[in-house]
Amino acid sequence: MTSGVTSARAESWMTRSPLTLSPADGITHALEEMLNRSFRHIPIVDGGRLVGLVSLRQLVNAARIRHVDPWHRARPAASRT
């Protein structure tokens, strides 16, 4: 006997039109979207092609390891003198 979950196809569980971001979108924007929408992952799409996936865990760990506040917008390199 097979349960409904184990016999279900991925398409029955997937999000059909997920929020996506582009590689050019900022980390702050990605974090805000994840937190506001209770997402743990956001697909990164460039020119209609999936090019990657960003996870909340990756962003939080990167901020923790680098001791960076992800909501602090860095100044452009030219203005850091």
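The values are calculated or read from the model by the stated rules, or taken from the named source; none is laboratory data. Please read these numbers as outputs of a predicted model, since none were measured by experiment. Using ideal geometry, Cβ is built from the backbone for each residue, glycine included, and neighbour counts are taken over all protein chains shown.
Identify the residue in the range 4-25 that is aliphatic (A, V, I, L, M) and over 10 Å from the mean Cα position of the chain (by Cα) and, among all such residues, is modelled with the highest pLDDT.
Filtering the range 4-25 down to residues aliphatic (A, V, I, L, M) leaves 5, 8, 10, 14, 19, 21, 24.
Then drop every residue that is not over 10 Å from the mean Cα position of the chain (by Cα), which leaves 5, 8, 10, 14, 24.
Working: V5: 67, A8: 89, A10: 89, M14: 86, A24: 95.
Looking at residues that are aliphatic (A, V, I, L, M) and over 10 Å from the mean Cα position of the chain (by Cα), I get A24.
If the Cβ limit is 8 Å and pairs must be 6+ apart or interchain, which residue in the range 45-56 that is at negative phi pairs with which residue that is polar (S, T, N, Q)?
That search, which allows pairs on different chains as well, returns V45/T20; V45/S22; D46/S22.
So which residues in the range 33-66 are loosely packed, with under 13 Cβ neighbours inside 10 Å and part of a loop (DSSP other than H, G, I, E, B)?
Within the range 33-66, S38, R40, G47, G48 meet the criteria.
Mind counting the residues in the range 20-32 that are surrounded by 12 or more Cβ atoms within 10 Å (Cβ to Cβ) and either part of a loop (DSSP other than H, G, I, E, B) or of a type in the set (D, E, K, R) (or both)?
4
Out of the residues in the range 26-54 that are of a type in the set (G, A, S) and farther than 16 Å from T15 by Cα, which is modelled with the lowest pLDDT?
The first filter runs over the range 26-54 and keeps only residues of a type in the set (G, A, S), leaving 26, 30, 38, 47-48, 52.
Adding the requirement that they be farther than 16 Å from T15 by Cα leaves 26, 30, 47-48, 52.
On the way: G26: 86, A30: 90, G47: 96, G48: 95, G52: 96.
Restricting to residues being of a type in the set (G, A, S) and farther than 16 Å from T15 by Cα, the top hit is G26.
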